[in-house]
Amino acid sequence: MELHHLSITAAAAQLRAGEITSVELTEALLRRIEALNPKLNAFLAVTAGLALEQAREADWRLKTEAARPLTGIPVAIKDVICVKGVPATAGSKILSGYIPPYNATVVEKLLAAGVVILGKTNTDEFAMGSSTENSAYGPTRNPWDVTRVPGGSSGGSAAAVAAGLALGAFGSDTGGSVRQPGALCGVVGLKPSYGRVSRYGLIAFASSLDQIGVFAHTAEDAALLLNAIAGHDPHDGTSMPTPVPDYTAKLGEGLRGLRIGLPKEYFIGGVNAEVSAAVNVAVKVLESLGAKTRAVSLPHTDLALSTYYIIAPAEASANLARFDGVRYGPRVDAPAMWDEYRKTRGAGFGPEVKRRIMLGTYALSTGYYDAYYLQAQKVRTLIKGDFDKAFADVDVIACPTSPDTAFKIGEKVDDPLAMYLEDVFTLPGSLAGIAGLSVNCGFDAFGLPIGLQLLGPAFSEERILRVAHQYQQATEWHKREPKL
């Protein structure tokens, strides 16, 4: 088997057995990146020198110390997560040239775990988008069909894993930006619960929603990656001081007696018929493994889209106020200070970011705060209450990740509402702060992946990873690879 086909679990076993070295594995992936990244544009920066240095150190650790599960494993980092000394653009011109002087907490944890960082992956500008077309550095292309989008905003990370350019990757999920590209690229995309993973060093989009997540080919690999980054961080006041389990420990436990809820609001007209059919078949597979399914209702689901697009832009408008050309990125000179701010921000931000800043600023402005932002927060509480009631009767909720498969590049760039609807099934879970995961459950007639979304209560990552793992043990979808 070629090295880029290895799962993290298989590669780690071969590294520990001395059958391969981390340098060999890293060099193989760097060659694949060199060959395929011009076609996919998954990476914005490749840190070959740093990666090989880390690989040599990993090989030394593997020979001299008890290796940790991720020692010597090459991974990719979304370009909204700070890596010391490596450019961080957030997919925006306004941050071009910015080099962070520190590591994000997740990066510190990954380095302590012995991973090899291959580089930074493409993203919609400031993680605002569902297709990675909003990147100032060009769109990423879907490895299953390079005329189509990989989803977003973590499309670069999802495409990198799907194409075998990295064994695992990290992204950020504010309204679905890990799960939706995971679905469209046919890999596992896990969004942990709000507070499970530190966001220190994550370039903020919407602070009450942002969460760092992981991509991998298998749920077992995703569990290994989450093991490395989960836990309390005093640098992030929203991270929870709750115990972190070993997410691999219960993967082998069966599903007998597990209660799975099927929300009627997610199985509706307008969803691609092939997506609905594949998800229904996947549910049958889970039933054959011993799970019991029942209908549940999440009655405020239809309000999630409008609620999200009040709260997220409002928080973005505040978070992005810091980018003015004074402390970060290039500056457009002007005679007066305010003209300088205006011209720098006008030149540095792309259309979608400007749209959301204007939406958010309006929602927070005097006379409208109560009518929009405060009202949206009240509806958010109702949405969370829906999930609380549902999880009183079921252990996990299963539904489509996205209403459709990957669409053509350029197909929806001029229709923001159509683009926003791509996240209609992932936004409610983000607003509720719960755990969510997408796992490949089939392909459509064009050979494009379909995602099954599994949602669990807050801090139930162990449970949804177990369901996904058991599903993958009973199916073969995750073993398919795109032809590139």
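The values are calculated or read from the model by the stated rules, or taken from the named source; none is laboratory data. Model, not experiment: these values are computed from the prediction. Here the Cβ positions follow ideal geometry from the backbone for every residue, glycine too, while neighbour counts run over all protein chains shown. Only protein heavy atoms, including side chains, enter the accessible area calculation; ligands, DNA and RNA are left aside. Shrake-Rupley method; radii C 1.70, N 1.55, O 1.52, S 1.80 Å.
Just a few scattered comments:
- Condition met for Tyr471 (under 21 Å from the mean Cα position of the chain (by Cα), aromatic (Phe, Trp, Tyr) and at pLDDT below 95): no
- Criterion violated by Val285 - all others in (1) among the aliphatic types (A, V, I, L, M); (2) outside any helix (DSSP H, G or I); (3) open to solvent by 20 Å² or more (accessible area, probe 1.4 Å); (4) in contact (Cβ under 8 Å) with a residue 40 or more places away in the chain satisfied: (2)
- Among the residues of region 288-299, those that are in contact with a strand residue (DSSP E or B) (Cβ under 6 Å, 6 or more places away or on another chain) and free of Cβ contacts under 8 Å to residues at least 60 places away in the same chain comprise Lys292, Ala295.
- Every listed requirement among (1) in contact with a strand residue (DSSP E or B) (Cβ under 7 Å, 6 or more places away or on another chain); (2) open to solvent by 30 Å² or more (accessible area, probe 1.4 Å); (3) aliphatic (A, V, I, L, M) is met by Val413 save one, (1).
- Residue under evaluation Glu461, criteria (1) buried (at least 24 other Cβ atoms within 10 Å of the Cβ); (2) among the charged types (D, E, K, R); (3) free of Cβ contacts under 8 Å to residues at least 40 places away in the same chain, criterion not met: (3)
- Each residue in region 259-276 was checked for being touching a residue at least 60 places away in the same chain (Cβ under 8 Å) and open to solvent by 10 Å² or more (accessible area, probe 1.4 Å), and 8 pass.
- Test result for Thr21, in contact (Cβ under 8 Å) with a residue 24 or more places away in the chain, of a type in the set (S, T, N, Q) and surrounded by 24 or more Cβ atoms within 10 Å (Cβ to Cβ): no
- Considered as a group, the residues in region 303-333 that are hydrophobic (A, V, I, L, M, F, W, C) and assigned to a loop (DSSP other than H, G, I, E, B) include one that is surrounded by the fewest Cβ atoms within 10 Å (Cβ to Cβ), and that residue is Val326.
- Meets criteria (free of Cβ contacts under 8 Å to residues at least 24 places away in the same chain, of a type in the set (Lys, Arg) and touching a His at 6+ places or on another chain (Cβ under 9 Å)) for Lys479: yes
- Note on region 337-353: among residues that are aromatic (Phe, Trp, Tyr) and under 12 Å from Val326 (Cα atoms), the one that is nearest to the chain's Cα centre (by Cα) is Tyr341.
- Only a single criterion out of (1) under 30 Å from Cys399 (Cβ atoms); (2) open to solvent by less than 20 Å² (accessible area, probe 1.4 Å); (3) more than 23 Å from the chain's Cα centre (by Cα) is not satisfied by Arg294, namely (2).
- Region 382-396, residues that are of a type in the set (Val, Ile, Thr) and either farther than 30 Å from Glu133 by Cβ or over 24 Å from the mean Cα position of the chain (by Cα) (or both): Val394, Val396
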